Amino acid sequence: MKRPSSTPGRPRDGFTLLEVILSLAILAGAVATLGELIRSGLANAQSARDFTRAKMLCEGIEEQVVAGAISPSGSSGTCDDDPRWLYSISSESDQPGLLNLQITVSKDVPPDQHTVQFTLWRWMIDPNIASESNDTTDTSSSTGTGSTSGTGTGG
């Protein structure tokens, strides 16, 4: 008995080797692309987290400078909240009585990693001038006691 030859109208029983290899190549490319997207997303999430942390630390240092706990003139050090972060403060005085305060916070990372840095600028009243004006106001204001009395007659 002779085996029937394959005819164009007859359905095939399975996949060819070429179809299997092609489908595996497409699957491998899709998995590699998804893996790269996930890696990129995680790196961006870490970068956003670091940037937000830097901004919060910078605002905290700004509040300490405004409150007078840290000097606004050229100081630097590690952040109290997180020692992995370094800060530096500089101030310029373009106009009398005002300071242009610049606070920079950066993450202390090895040289091969991407550094995160955030800088905040703020105009503020010079604390030295503000304290001098408060002192002169306190000494120049006079305190006195006085009384007024009146008598009236009704008629």
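The values are calculated or read from the model by the stated rules, or taken from the named source; none is laboratory data. Model, not experiment: these values are computed from the prediction. Reconstructed Cβ throughout: ideal geometry from the backbone, glycine too, with neighbour counts over all protein chains shown. Remember, those area values only see protein heavy atoms, side chains included, never the ligands or the DNA or RNA. Shrake-Rupley method; radii C 1.70, N 1.55, O 1.52, S 1.80 Å.
Numbers for the structure displayed
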{"quantity": "Residues satisfying the stated conditions in region 28-54, i.e. of a type in the set (A, V, I, L, M), under 28 Å from F118 (Cα atoms) and open to solvent by 90 Å² or more (accessible area, probe 1.4 Å)", "calculated": "L37, I38, L42"}
{"quantity": "Selected residue (criterion: most open to solvent (accessible area, probe 1.4 Å)) from residues of region 55-76 that are under 16 Å from F118 (Cβ atoms) and of a type in the set (G, A, S)", "calculated": "S76"}
{"quantity": "Any chance L86 is surrounded by 10 or more Cβ atoms within 10 Å (Cβ to Cβ), at pLDDT below 90 and either closer than 16 Å to D126 by Cα or not acidic (D, E) (or both)", "calculated": "no"}
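Residue-by-condition table, conditions (1) open to solvent by less than 100 Å² (accessible area, probe 1.4 Å); (2) in contact with a strand residue (DSSP E or B) (Cβ under 9 Å, 6 or more places away or on another chain); (3) at pLDDT 90 or above:
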{"residue": "L99", "(1), (2), (3)": "yes, yes, no"}
{"residue": "P111", "(1), (2), (3)": "no, no, no"}
{"residue": "T119", "(1), (2), (3)": "yes, yes, yes"}
{"residue": "T153", "(1), (2), (3)": "no, no, no"}
